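Data first, discussion second: the structure below is written as structure tokens.
The values are calculated or read from the model by the stated rules, or taken from the named source; none is laboratory data. Worth saying up front: this structure is predicted, and the values here are computed from it rather than measured. Neighbour counts are summed over all protein chains in view; Cβ atoms, including those assigned to glycine, are modelled from backbone coordinates with ideal geometry. Ligands, DNA and RNA are stripped out before the accessible areas are found, and what is left, the full protein with its side chains, is counted by its heavy atoms. Shrake-Rupley method; radii C 1.70, N 1.55, O 1.52, S 1.80 Å.
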Amino acid sequence: MNQPLIGKLSLVTGGGRGIGRAIALKLASQGSDVIVNFFRHRDTAEKTAKELQDMGVKAKIIRANVGEPAKIDEMFDVISNDFGYLDILISNAASGVGRPVLDVDVKAWDWTMDINARALLLCAQRAARLMEGRNGKIVSISSLGSFLVWPTYAAVGVSKAALEALTRYLAIELAPKGICVNAIAASAVLTDALKFYIKGQEAAHQQATPAGRMVTPEDIANVVAFLCSEDAFMIRGQTIIIDGGASVMAPFVSTTGGVNQ
Amino acid sequence: MSIEEQIKDIVSEIVRVDKNIIRREGTFKDINADSLDVVQILLRAEETFDIEIPDEDAEQFQNFGDFVDYVERHIAEKEKA
Ligand SMILES: NC(=O)c1ccc[n+]([C@@H]2O[C@H](COP(=O)([O-])OP(=O)(O)OC[C@H]3O[C@@H](n4cnc5c(N)ncnc54)[C@H](OP(=O)(O)O)[C@@H]3O)[C@@H](O)[C@H]2O)c1
């Protein structure tokens, strides 16, 4: 099997479950050692780390709330001491408060922004030093909510817009250090959590997607792997949309081409 | 100050309610704590008592008393270790 990432070290924030787990597994399948950051689900993170080790790579879990600067520092201190280098940073962890915009108070705003947007700033600052001379890659996981409006998604959507803007700044300012920085924006992804929420509506979701099915965590992981490869060297500061074509469809038009009545 | 009193202080500060309305048999819902309040209470308790409270455990709490008992048990276990 082709394993271009042998000898590399990746950090996946929120890598214990969902999309982060799929990304961790994909990077490991390409040979990368993986640090799985988690916050509130240690058991799941441990299980993922075990899966990674079974694939023959080194895996380590580190607990840190990426919303807290001191915890990010502690996490990177551990990485510095134990490894002294880093090749790939995947900023995937996210949280948020789902409320209509008029109910988003300061606490909800700060919580969401700190975990979803500021964490990339602080992680990238520490990661850049560990990536010195190693052609590092940074990929952030955003969502279509950065430019489309979903109900009760205001705080998260704005935090994702900030994440994408920061991705552009990082891409330019870290380019001289040989670091490639990009983001991925996904539409609704079929994770366990989402399966629960959209129970019974799978057909409608599928129908609204020109590609004919919903986006899976593996779809995201595949593009992450590409952005972390040397083939993607000239892609910088971009947000790659993974939505099976849903966001380019004009409103009120069905996937089969007719106009919905 | 007892652990129960310290936890009451944490809860009353975060949820902004009078300490005296927090009862062992009461729930977070009773004092109008939203999900973000609950996460922040758990985080503050983790820091104050230097323990870890995974979501799986927190979901089992039926009321404030369960939460206090949990914290007391884990502090005791930590001290034994
Ligand atoms: N699912 C979707 O439909 C969808 C669509 C578009 C974009 N996305 C984006 O994809 C990424 C992953 O989504 P998901 O659906 O896999 O997420 P999820 O199932 O909600 O899980 C969130 C992940 O983030 C971690 N996390 C949350 N708060 C954290 C904190 N403060 N510090 C460190 N880790 C924290 C969690 O770790 P613990 O469990 O240990 O707390 C968990 O691994 C997110 O950026 C999300 O916005 C998701």
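Kindly indicate which of A:Gly133, A:Gly157, A:Gly145 is surrounded by fewer than 14 Cβ atoms within 10 Å (Cβ to Cβ) and more than 14 Å from chain B (Cβ to nearest Cβ). Answer to the selection: A:Gly133. The condition of being within 11 Å of chain B (Cβ to nearest Cβ) and either open to solvent by 10 Å² or more (accessible area, probe 1.4 Å) or at pLDDT 95 or above (or both) holds for only one of A:Gly7, A:Gly98, that being A:Gly98.
Within the range A:82-108, residues that are touching a residue at least 24 places away in the same chain (Cβ under 8 Å) have Cβ atoms under 7 Å from residues that are open to solvent by 60 Å² or more (accessible area, probe 1.4 Å) and of a type in the set (Val, Ile, Thr) in these pairs: A:Gly98/A:Thr152; A:Arg99/A:Thr152; A:Pro100/A:Thr152, counting only partners at least 6 apart in sequence or on another chain. Suppose the filter is more than 14 Å from every other protein chain (Cβ to nearest Cβ) and modelled with pLDDT of 95 or more; does B:Val17 pass it? No, not satisfied.
Give me a count of the residues in the range A:53-87 that are more than 20 Å from the chain's Cα centre (by Cα) and within 13 Å of the ligand (Cβ to nearest atom). So the count comes out to 2.
B:Arg44: farther than 24 Å from A:Gly98 by Cβ and of a type outside the set (A, V, I, L, M), yes or no? So B:Arg44 fails the test. Just name the residue that is most open to solvent (accessible area, probe 1.4 Å) out of those in the range B:20-59 that are more than 14 Å from chain A (Cβ to nearest Cβ) and free of Cβ contacts under 8 Å to residues at least 24 places away in the same chain. By that ranking, first place goes to B:Lys29.
Those helices (runs of 4 or more DSSP H) of chain B in which 2 or more residues are out of contact with any Ser or Thr (no Cβ under 7 Å at 6 or more places or on another chain) and of a type in the set (A, V, I, L, M, F, W, C) occupy B:3-15, B:35-49, B:64-80. Of everything listed in (1) within 14 Å of chain A (Cβ to nearest Cβ); (2) open to solvent by 40 Å² or more (accessible area, probe 1.4 Å); (3) of a type in the set (Asp, Glu), the single unmet condition for B:Glu77 is (1). Evaluate the range A:240-249: report whether one residue or more is touching a residue at least 40 places away in the same chain (Cβ under 8 Å), open to solvent by less than 40 Å² (accessible area, probe 1.4 Å), closer than 30 Å to A:Asn135 by Cα and within 20 Å of the chain's Cα centre (by Cα). There is at least one residue in the range A:240-249 that is touching a residue at least 40 places away in the same chain (Cβ under 8 Å), open to solvent by less than 40 Å² (accessible area, probe 1.4 Å), closer than 30 Å to A:Asn135 by Cα and within 20 Å of the chain's Cα centre (by Cα). Where strands (runs of 3 or more DSSP E) sit wholly within the range A:25-92, those with at least 1 residues that are in contact with a Phe, Trp or Tyr (Cβ under 7 Å, 6 or more places away or on another chain) occupy A:59-63. Scanning the range A:197-206 for residues that are exposed (fewer than 13 other Cβ atoms within 10 Å of the Cβ) and of a type outside the set (A, V, I, L, M) yields a count of 4. So is B:Glu72 open to solvent by 60 Å² or more (accessible area, probe 1.4 Å), at negative phi and modelled with pLDDT of 95 or more or not? When the stated conditions are applied, B:Glu72 passes them. The conditions of being among the small types (Gly, Ala, Ser) and surrounded by 18 or more Cβ atoms within 10 Å (Cβ to Cβ) are not met by A:Gly84. The set of residues in the range A:203-222 that are part of a helix (DSSP H, G or I) and more than 13 Å from the ligand (Cβ to nearest atom) comprises A:Ala203, A:Ala204, A:Gln206, A:Gln207, A:Asn222. As for the range A:126-133, it holds at least one residue that is without any contact (Cβ under 8 Å) to a residue 12 or more places away in the chain and over 17 Å from the mean Cα position of the chain (by Cα).
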